[in-house]
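What follows is a short report on a single structure.
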Amino acid sequence: MQPPTSGADPYYPSGTAAYPPPFPQSGVPAPPVSGYPSSAPTTSAYPPSGFPPYPDASYGAPLPPPPGRRSLLPLVIGGIVALIVVAAVAFTAGYFVGQASESDAETPRAVTSSAPAAPSASPSAAAQQGVAGVWKGTYTCNQGETGLTLTIEGQDSALEATFEFYATSTNTDVPSGSYSMAGNVTGGTMRLIGTAWINQPDGYGMVNLTSTSISATTITGTVEFSGCSTFTLTRS
């Protein structure tokens, strides 16, 4: 292979300049031909002319939208509604209080008085009034209808009595006699038992009296002795 001729580059096609370029006569290497201008253009614009301008953004991220203003209208409406409700409640309460006061002032209160109950006319109530006193009537035994005066003294819990018997207009053959008695009234029942003779006729014995029908004016009951039945007395 023959060496390249003077001024020819074996690595470049024929007709191209040899590298490095030939030195000029001044001895300073000539600037390379690179296709760029030998000096930067004089301009104040940035970026250089020929390039698109940079957008107003940071590294390509879009700017956030400005914060919106919170609307005060719902708060205002809520406050107005609350005031209306409070005013309505206060008005209603005042109205009812006023009505109650007027009712108390205008409506007279009824005054009631309890009258004592009338005493019962039952036999037990009459017995509680006491059987002390003089009672006159008749009783019936074997000798027939016989006159009776019963004089009772003391309290119902402890009674003393005198039993006096005698003839009546329809039975004149009955002799007179008398004896003492003792007893009480318990549970509406009066019991009197003969205790001692005061005046005893021949052939007569003492009888006992029991009554469950006692009123303020009458006493009726049973003569407890063989051959006897009932008695009826009226307060004298």
Thr232 is checked against (1) without any contact (Cβ under 8 Å) to a residue 40 or more places away in the chain; (2) more than 22 Å from Gly154 (Cβ to Cβ); (3) part of a strand (DSSP E or B) and fails just one. What number does that condition carry?
(1)
Lone qualifier among Ala161, Ala126 - being crowded, with 17+ Cβ neighbours inside 10 Å and modelled with pLDDT under 95
Ala126
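The values are calculated or read from the model by the stated rules, or taken from the named source; none is laboratory data. These numbers come from a predicted model, not from an experiment. We place every Cβ from the backbone using ideal geometry, glycine too, and count neighbours over all the protein chains shown.
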